[in-house]
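Participant: Below: one structure in structure tokens.
The values are calculated or read from the model by the stated rules, or taken from the named source; none is laboratory data. Since the structure is predicted, the reported quantities are computational estimates derived from the model, not experimental observations. When we count neighbours, we look across all protein chains shown, and the Cβ atoms used for this are built from the backbone with ideal geometry, even at glycine.
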Amino acid sequence: MKFTTRDLVKLQWPLLGALLLIALGSFAAWWSSNDAVFAQRQRDQASSRMLQIEQRLRQVRTEEQELRDRGAIFQRLQQSGIAGEERRLEWTELLDDIQRQLRIPGINYEFGIRKPLDNGGNPQYSYFASPMRIQLHLLHEEDLLRFLSRLQQEAKALVLIRNCTLAPPPGRGIGSDEPAHLVGECELRWITVRQSAGAS
């Protein structure tokens, strides 16, 4: 079978229709592929936003738990007397009580000026140290250990022992009226903590 020009003229409309259908099909395939890419991009963006929201929620929950923990710690510090203003009157009464209870023959002490300490990068709390020099007239070495142990347990502050020395009292001779056999001298620091102004 031979195609003639007449046959081509008769087939031009069906060929144009076929070409048009192919073009429409290609356009529909391109459009649908483009639409799928757009939908995937939107899904990725929504997933990214969801991930950011979940991370922020976890961060908020962590911060909330940290605040609760810090509040509980501060409350325990307040109950133990470490948190709040320094209570020198209570401290001196405690020193006198322990001296009486342990029957320590003599005690002399002097508090220094309270100084702020480095807060360790935590702006919510302010730490203070009150230095103290204490001299104890003792009958036995154990009296010093018992005294310091009781002081650390009962004080309404954190009592840090910087250093201590034990020596016989100066000028003690035979027939001396001095009841103490030893003199203990210590440097202590009374640490207190306060919640900074504006911290909740």
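Participant: Determine which member of the set I113, I104 is assigned to a loop (DSSP other than H, G, I, E, B), of a type in the set (V, I, T), surrounded by 11 or more Cβ atoms within 10 Å (Cβ to Cβ) and modelled with pLDDT of 90 or more.
Facilitator: When all the criteria are applied, what remains is I104.
Participant: Still on this model: Could you please tell me which pairs satisfy a Cβ distance under 6 Å, a separation of 6+ or placement on different chains, a first residue in segment 98-112 that is farther than 18 Å from E142 by Cα, and a second residue that is of a type in the set (D, E, K, R)?
Facilitator: E110/R133
Participant: Filtering segment 81-96 down to residues that are outside any loop (DSSP other than H, G, I, E, B) and not charged (D, E, K, R), which residue is modelled with the lowest pLDDT?
Facilitator: By that ranking, first place goes to A83.
Participant: Can you tell me which residues in segment 121-144 are in contact with a Cys (Cβ under 9 Å, 6 or more places away or on another chain) and in a strand (DSSP E or B)?
Facilitator: Passing the criteria: M132, R133, I134, Q135, L136.
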